[in-house]
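Reading through the structure tokens given below for one structure.
The values are calculated or read from the model by the stated rules, or taken from the named source; none is laboratory data. This structure is a prediction, so every number in the text was calculated from the model and none was measured. In this analysis, Cβ positions are derived from the backbone assuming ideal geometry, glycine residues included, and neighbour counts consider all displayed protein chains. Side chains included, ligands, DNA and RNA excluded: accessible areas come from the protein's heavy atoms. Shrake-Rupley method; radii C 1.70, N 1.55, O 1.52, S 1.80 Å.
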Amino acid sequence: MEEKRKIGIDIDECVVEFVRGYLEIYKKSSGREFSFDQITSYNFWECLPISKVEAISLANIFYESDRFRNLPLIDGAKDALRCLSTNYNLFLITSRPIKVKDKTQDFFKRNFPVMDLKILFSGDFFKGGLKKSEICKQRGIEIMVEDNGVYAENCANAGVSVLLLDKPWNRGYNHNQNIHRVKNWGEILQHLK
């Protein structure tokens, strides 16, 4: 039997909505409101009036919230993952901190109970581990679904084909032949036919 091809899929803003929940925590903390479209960098301190330390502190507060434990799924993600799992081995590759590993695994067990999803934590943001591009190369992952332009570019430069989900913070990343911009999970499935 022929081995299935492997796809890497980022979690936050590819499978689940992270930014809107983070912005709720920011609003509760600061009293200031920002919209999803105003987030033009995934380094929140670059587009919100807070320092890097404050941005990470708010993320840590968010990780402890019920909102984080119950993040809404991105439209079409659940059906798309179910569909892809019949022909591909799926690897969820996240730059979340390792301290949320149990919460992350619990979330996927609750929301995708019968699927064999392998969850891998990279060291792209919090350091200490392999980058997503290195994980892809090490595991033989040929395709990566990503929303972070920097991580997408790193994967593309390593020879991985990237499907970059269009988001306000990645609009400047198009200049690599291995990066293909997509608007939603429907376009991802079309691309993988």
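Structure notes:
- Among residues of the stretch 1-18, those that are assigned to a loop (DSSP other than H, G, I, E, B) and within 27 Å of Pro97 (Cα to Cα), counted: 7
- Test: residue in the stretch 110-128 that is out of contact with any helix residue (DSSP H, G or I) (no Cβ under 6 Å at 6 or more places or on another chain), in a helix (DSSP H, G or I) and open to solvent by 10 Å² or more (accessible area, probe 1.4 Å): yes
- Options Asp75, Asp106: the member that is free of Cβ contacts under 8 Å to residues at least 60 places away in the same chain, acidic (Asp, Glu) and open to solvent by 30 Å² or more (accessible area, probe 1.4 Å): Asp106
- For the stretch 58-72, a residue qualifies if it is closer than 26 Å to Gly129 by Cα and open to solvent by less than 60 Å² (accessible area, probe 1.4 Å), and the qualifying residues are Leu58, Ala59, Asn60, Phe62, Tyr63, Ser65, Phe68, Leu71.
- From the options Arg5, Arg67, residue that is under 30 Å from Gln138 (Cβ atoms) and touching a residue at least 40 places away in the same chain (Cβ under 8 Å): Arg5
- Residue that is farthest from Thr86 (Cα to Cα) [pool: residues in the stretch 31-55 that are open to solvent by less than 50 Å² (accessible area, probe 1.4 Å) and assigned to a helix (DSSP H, G or I)]: Ala55
- The set of residues in the stretch 156-169 that are open to solvent by less than 10 Å² (accessible area, probe 1.4 Å) and either without any contact (Cβ under 8 Å) to a residue 24 or more places away in the chain or within 10 Å of Arg181 (Cβ to Cβ) (or both) comprises Ala156, Val162, Leu163, Leu164, Leu165.
- Single condition Glu146 does not satisfy, out of (1) surrounded by fewer than 20 Cβ atoms within 10 Å (Cβ to Cβ); (2) among the charged types (D, E, K, R); (3) in contact (Cβ under 8 Å) with a residue 40 or more places away in the chain: (1)
- Taking the criterion of being free of Cβ contacts under 8 Å to residues at least 40 places away in the same chain and open to solvent by less than 20 Å² (accessible area, probe 1.4 Å), the only residue of the stretch 180-193 that qualifies is Val182.
- Checking each residue in the stretch 129-143 for being over 18 Å from Tyr63 (Cβ atoms) and surrounded by fewer than 17 Cβ atoms within 10 Å (Cβ to Cβ) picks out Glu134, Lys137, Gln138, Arg139, Gly140, Glu142.
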